[in-house]
Amino acid sequence: MPSKTGLYYLLKPILPWRLRMALRRVSARRIRAHSTATWPIDERAGRPPAGWPGWPGHLPFAFVLTHDVESAAGLARCQRLAELEMALGFRSSFNFIPENGYSVPPELRDWLAAQGFEVAVHDLEHDGRLFASARGFERKAARINRYLREWGSVGFRAGFMLRNLRWLHRLEIAYDSSTFDTDPFELQPRGAGTVFPIWIRAPAGGPDDGYVELPYTLPQDSTLFLVLRESTPELWFRKLAWIARKGGMALLDVHPDYVRFPDEPASPRTYPVSHYIDFLRHLRERYAGRYWQPLPRQLAACVRDFSPRPAPPRPRRIAMITHSHYESDSRVIRYAETLVRRGDTVDVLALRRSPELPRQELVGGVNVCRIQARFSKSTQSRLAYAWPLLRFLCASSWHLSRRHLRERYDLVHVHNLPDFLVFAAWLPRLAGTPVILDIHDLVPEFYGSKFAAQGGRRQLAVLHWIERRAARFADHVIVSNHLWLEKFAARTGTREKCSVFINHVDNATFHRGLRTRHDERQIVLFPGGLQWHQGVDLALQAFKLVAAELPHAEFHIYGDGNMAPALKELAGRIGLNGRVSFFPPVSATRIAAIMANADVGVVPKRADSFGNEAYSTKIMEFMSLGVPVVVSRTQIDQYYFDDSVVRFFESGNVAELAQAIVEVLRDANLRQRLTERALGYAQRHGWASRKSEYLQLVDRLAGAAAPSDAP
């Protein structure tokens with residue numbers, strides 16, 4: 001059981017109800033603000049399981065009513081609630097706690113059964129400790145089974161929706177209902193991810209050994225009316241309409257404890273029963289003849305007879321760590337969104353570009369947690385550069401460990417720089433969770449380029465030592481190009497667990513047809529980091545020659561880095577004010593539209609520096625957009641490209657760079673020839689061609705980890 005859960009139930013008996021509820025409401029407001037894309041509706045949960053046969057009678061959807069009775073006050077309301085439902089034409093299941101706070105009269109159980117209702121077992125003591133230990137659960141399972149037999153029950157629901165679905169195979173049940181499709185307010189917030197029943201097969205049994213899992217799919221009444229303080233059942237109406245369209249199962253959990261009948265005094269612990277009545281009437285009138293309304297045991301028996309039985313979805317829970325701004329880091333975005341699109345849950349710990357950005361946000365289905373502001377890139381001090389990296393290591397380690405204790409990750413994917421960031425995953429690694437280290441840049445070479453005047457053998461030796469340790473700590477290492485693979489593998493001795501994923505362009509974001517500009521201007525564009533090895537100062541000097549020949553030419557620079565002040569000063573000193581514009585970095589989606597409206601892209605890296613072997617993502621991004629690109633003749637770019645897809649120039653040669661830009665801007669035939677061939681190249685080598693290999697790698701590594709408690 002997660003440590004936070006244990007702490008909560010340790011403190012719960014001594015905390016007043018009003019204080020507990022106040023704390024829950026504060027937390028719920030924050031959670032709700034960050035969960036709008038997945039609660040109350042998560043579109044991914046509406047996909048039917050493979051081979052889904054549909055509901056009996058070819059009815060569009062199923063509707064199931066359940067009640068958890070948590071106290072003597074709730075017990076006293078059971079018969080009135082059942083009579084209310086009978087008057088409206090419904091039947092439900094009442095789930096009673098066997099050993100805590102009240103005793104269930106046999107006469108009540110018999111009366112419910114005689115009226116066509118169901119009785120099921122709700123936890124054992126309802127103290128939050130059912131799954132505290134495997135040995136303890138074994139003992140409690142024997143007692144639960146005794147109550148199941150005594151009550152003639154076949155269904156179970158754990159208290160507080162805490163669960164370990166593997167352990168539940170020890171219960172003599174036909175179904176369990178301890179999960180949900182989506183509910184971020186629960187202590188174990190990872191749900192079943194579906195609004196359909198699923199078959200949980202026993203690991204060591206035959207095909208008929210197992211039970212049916214029935215997740216609740218409508219928000220709990222206590223969450224809706226007591227915690228979130230909703231004044232109407234409108235959210236139930238909206239979620240029901242969506243489930244009906246998807247053909248799923250609308251399963252509701254209403255607590256008699258919190259229902260207030262008209263003759264009862266008002267209380268902050270209850271809500272008017274009229275909310276529930278309005279919902280049942282809405283269902284009966286709006287969807288008459290369109291739903292199947294079984295008891296849970298009837299639905300479970302139906303699912304058990306399905307062939308094939310609906311298998312549970314198997315989403316992975318992945319954490320990523322990157323010392324970058326997620327919204328503009330195309331490489332991290334590609335990985336994360338690829339995982340999310342297939343149904344995995346991805347949390348990214350990243351930097352915060354500005355105070356206006358929320359600390360937590362759902363971006364394209366990815367849970368982005370911005371845990372630290374970025375330091376100024378203009379610093380030239382090694383200590384000033386290293387200190388924020390060490391802070392980020394501590395912060396990411398804290399956040400990752402806390403989240404992992406709350407709910408286990410199946411895999412952690414860490415992106416350098418720096419290499420030592422991989423050690424933030426120490427706790428998941430100790431617990432058996434595999435770790436990927438993704439080498440965007442070789443740190444010793446990057447350090448040597450950035451601090452060439454301050455570097456020395458001792459510093460480089462330390463960086464090589466960290467590189468080896470980080471590589472050996474990781475279960476797998478991804479290197480961002482083939483030249484670096486050989487160098488990295490030789491230095492670390494980890495060739496057998498290394499693979500290459502270059503910065504493949506995402507053709508879904510960077511594609512032809514985004515251009516909207518139609519004027520006489522000729523825009524030369526550089527998007528990227530403003531470091532010395534990028535050679536942007538060379539491009540500025542070359543553009544002075546271009547501007548003299550092409551009066552409508554403009555040079556637009558998007559990015560930041562330690563060279564930014566010097567580059568702006570250079571542009572003014574050589575008389576380019578008004579012809580050169582500097583812009584801050586923008587998101588990947590925005591930069592795609594900006595790049596599409598350029599007339600030529602430039603990649604002016606220095607071949608006598610770190611840039612000689614650093615692969616440039618922007619080359620293929622320009623190619624995918626149909627924009628010709630002028631590229632420095634570096635070792636890495638000659639490895640991947642040739643003169644048929646880019647216009648090369650001799651690295652460091654300002655005059656030749658200017659000549660190449662002018663030639664591309666003036667020669668329409670050359671532009672057309674380059675863009676047509678480049679488009680085909682980018683299509684063949686885009687992310688779509690490699691993403692399946694990445695998913696296979698994740699599944700291979702995560703498959704070796706201990707399985708999650710989720711279905």
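Points worth noting:
- Computed lengthening from H464 to E43, 0.36 nm per intervening residue step minus Cα-Cα distance: 146.9 nm
- For the chain, the 222 nm mean residue ellipticity estimated from helices alone, with every DSSP H stretch of n ≥ 4 adding -39500 (n - 2.57) and the total spread over all residues, rounds to -12000 deg cm²/dmol.
- Tensor-based shape of region 522-687 (alpha-carbon gyration tensor, a/c under 1.5 rounded, otherwise prolate or oblate): rounded
- Once backbone amide H atoms are built at 1.01 Å from N, F648 has V631 as its partners under 5 Å, excluding neighbours fewer than 5 places away on the same chain.
- Label-point gap, in nm, between Q696 and A431 - each point 7 angstrom along Cα→Cβ: 3.0
- Relative to the longest principal axis of the Cα atoms of the chain, helix 382-406 runs at roughly 20 degrees.
- Pairwise FRET efficiency - R359 versus C394, Cβ, R0 = 22 Å, nearest 0.05: 0.85
- Acute angle (nearest 10 degrees) that the helix 668-684 long axis makes with the longest principal axis of the chain, alpha-carbon atoms: 40
- Ranked by the mean number of other Cβ atoms within 10 Å of their residues, highest first, the peptides 690-697, 253-260, 626-633, 678-685 come out as 626-633, 253-260, 678-685, 690-697.
- Local net charge near G248, Cβ-Cβ under 15 Å (Lys/Arg +1, Asp/Glu -1): +3
- With Cα atoms, 0 to 90° folded angle of helix 691-702 axis to the chain main axis: 50
- With each label modelled as a point 7 angstrom along the Cα→C-beta vector, the E150-R229 pair spans 4.2 nm.
- Backbone amide hydrogens, once placed in the peptide plane, bring L411 within less than 5 Å of R317, A319, excluding anything fewer than 5 places away on its chain.
- Cα shape, region 348-432, gyration tensor, a/c 1.5 rule: oblate
- Mean Cβ count within 10 Å, highest first, over the residues of peptides 111-124, 283-296: 111-124, 283-296
- Net charge of the neighbourhood of G575, taken over other residues with C-beta under 13 Å away and scored Lys/Arg +1, Asp/Glu -1, is +2.
- Cβ-defined net charge surrounding L226, 15 Å radius [Lys, Arg +1; Asp, Glu -1]: +1
- Virtual paramagnetic centre 7 Å along Cα→Cβ of R29, amide N under 15 Å, in region 220-237: 227-230
- D642/E496 FRET efficiency (R0 41 Å; Cβ-Cβ; nearest 0.05): 0.80
- Taken as Cα centroids, region 271-288 and region 80-122 sit 20 Å apart, rounded to the nearest whole angstrom.
- FRET efficiency, 1/(1 + (r/R0)^6) with R0 56 Å, evaluated for R20 and E569 via beta carbons: 0.40
- Which listed pairs, of K544/K568; K497/K605; K487/K691; K487/K605; K246/K691, have C-alpha distances above 23 Å, in listed order: K497/K605; K487/K691; K246/K691
- Packing order of peptides 516-529, 591-604, highest average first: 591-604, 516-529 (average count of other Cβ atoms within 10 Å over each peptide's residues).
- Within the set (i) 24.8, 72; (ii) 29.4, 94; (iii) 30.4, 98, the number that Rg and Dmax of the Cα atoms in Å takes when calculated for this structure is listed as (iii).
- Once the Cα-Cα distance is subtracted from the 0.36 nm per residue extended length, the A142 to Q298 segment shows a gain of 53.7 nm.
No lab work stands behind these numbers, since they all come straight from the coordinates. Being a predicted model, the structure only gives us computed values, none of them experimental. A quick note on method: Cβ atoms are made from the backbone with ideal geometry, for glycine too, and the neighbour counts reach across all protein chains shown.
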